1. Could you please let me know if I163 is touching a helix residue (DSSP H, G or I) at 6+ places or on another chain (Cβ under 8 Å), at pLDDT 95 or above, farther than 25 Å from K210 by Cβ and among the aliphatic types (A, V, I, L, M)?
2. Do you know which residues across the stretch 225-280 are part of a helix (DSSP H, G or I), more than 16 Å from the ligand (Cβ to nearest atom) and either under 20 Å from D6 (Cβ atoms) or of a type in the set (F, W, Y) (or both)?
3. Kindly establish whether L178 is under 29 Å from E17 (Cα atoms), of a type outside the set (S, T, Y) and in contact (Cβ under 8 Å) with a residue 60 or more places away in the chain.
4. Any idea how many residues of the stretch 98-114 are buried (at least 16 other Cβ atoms within 10 Å of the Cβ) and either touching a residue at least 40 places away in the same chain (Cβ under 8 Å) or within 14 Å of the chain's Cα centre (by Cα) (or both)?
5. Go through the residues of the stretch 26-35 one by one and say whether even a single one is within 16 Å of the ligand (Cβ to nearest atom) and under 24 Å from A142 (Cα atoms).
6. Which of the residues that make up the stretch 227-248 are closer than 12 Å to M213 by Cβ and more than 23 Å from the chain's Cα centre (by Cα)?
7. Just one of the numbered conditions (1) buried (at least 21 other Cβ atoms within 10 Å of the Cβ); (2) in contact (Cβ under 8 Å) with a residue 24 or more places away in the chain is not true of N125; which one?
8. Looking at this structure, is E221 at pLDDT 95 or above, surrounded by fewer than 17 Cβ atoms within 10 Å (Cβ to Cβ) and either closer than 14 Å to I162 by Cα or not aromatic (F, W, Y) (or both)?
Amino acid sequence: MAELIDGKLISAQIKDECKEKVALLKEKGIEVTLAVIQVGEDPASSVYVNNKKKACEYIGANSLSYNLKEDSTQEELLKLIDDLNSDDKVNGILVQLPLPKHFDEDEVIRRINPDKDVDGFHPINVGRLSIGEKGFVSCTPAGIIQLLKRSNVEIEGKECVIIGRSNIVGKPMSMLMLRENATVTICHSRTKNLSEVTKRADILIVAIGKPKMIDASYVKEGAVVIDVGIHRPDPDSKKLCGDVDFESVEPVAGKITPVPGGVGPMTIAMLMSNLVNSVE
Ligand code: GUN
């Protein structure tokens, strides 16, 4: 039986720590403000954006909402970002992705002042991470580090295998685990003999985007398994699942994150943490 890593509990602790820091800043007369930009009305994006605004409210930070119409132009969005970049009252800027197809997302991300880029997506922040400089780190991988540390998982010297090489999760995750002195292997869709590689892992981080792909045959006895996936396998059911086949892996793993309630809640908690740090 694996021990469950409780992302709901750990994310709540982090948000409470942020709340305390925001209160201390307020005593010094410093306000914390996040600008949230949504283009269009994609229902899933609206849910995410609302949750981010609610988290701001919880920690005592201000959130400013900017809703651009689906048919707004790249220039309009860039102009809004320029205005927020030069607004001293705004500490963090978040553009909810994905943007409608006619936008150039890379240009939008690059336009945000790297020191207000609380998502950690700007190439400057990616570069800072890769050379070990201070900067904003993408929220999901930063959240996974917190899950591991706060569940007393030792990282130094451990074999860490990451499945997935996205710019938002896999690549920054590998840099963070390296920074923690793990021995890191990144696997992806062209990796040969995947299960042979993943079976070496003391810490296995799965971010492949395929429901329940990783079963017990990929996992070493006692490994710590972190599941980044989130899927609704049956459109009519409320039940969610991850990239890991929980029922199969749980008896083999030492510790495991559930879906929901594992990695998911950490993303917004780390966004709040980045926002508070942006003031400093
Ligand atoms: N869309 C899905 N996840 C994210 C995220 O973490 N940040 C932003 N800006 N958009 C997203």
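1. On the way: touching a helix residue (DSSP H, G or I) at 6+ places or on another chain (Cβ under 8 Å): yes; at pLDDT 95 or above: yes; farther than 25 Å from K210 by Cβ: no; among the aliphatic types (A, V, I, L, M): yes.
It is false that I163 is touching a helix residue (DSSP H, G or I) at 6+ places or on another chain (Cβ under 8 Å), at pLDDT 95 or above, farther than 25 Å from K210 by Cβ and among the aliphatic types (A, V, I, L, M).
2. Result: F246, E247, V249.
3. Details: under 29 Å from E17 (Cα atoms): yes; of a type outside the set (S, T, Y): yes; in contact (Cβ under 8 Å) with a residue 60 or more places away in the chain: no.
Criteria not met by L178.
4. Total meeting the criteria: 2.
5. Taking the stretch 26-35 as the starting set, the residues that turn out to be within 16 Å of the ligand (Cβ to nearest atom) are 34-35.
From the residues that got through so far, the ones that are under 24 Å from A142 (Cα atoms) too are 34-35.
Within the stretch 26-35, one or more residues are within 16 Å of the ligand (Cβ to nearest atom) and under 24 Å from A142 (Cα atoms).
6. S248, the sole residue that qualifies.
7. That leaves (2) as the condition not met.
8. Details: at pLDDT 95 or above: yes; surrounded by fewer than 17 Cβ atoms within 10 Å (Cβ to Cβ): yes; either closer than 14 Å to I162 by Cα or not aromatic (F, W, Y) (or both): yes.
Yes: the conditions hold for E221.
The values are calculated or read from the model by the stated rules, or taken from the named source; none is laboratory data. Just so you know, these numbers come straight off a predicted model, no measurement behind them. Glycine gets a Cβ as well: all are built from the backbone with ideal geometry, and neighbour counts include every protein chain shown.
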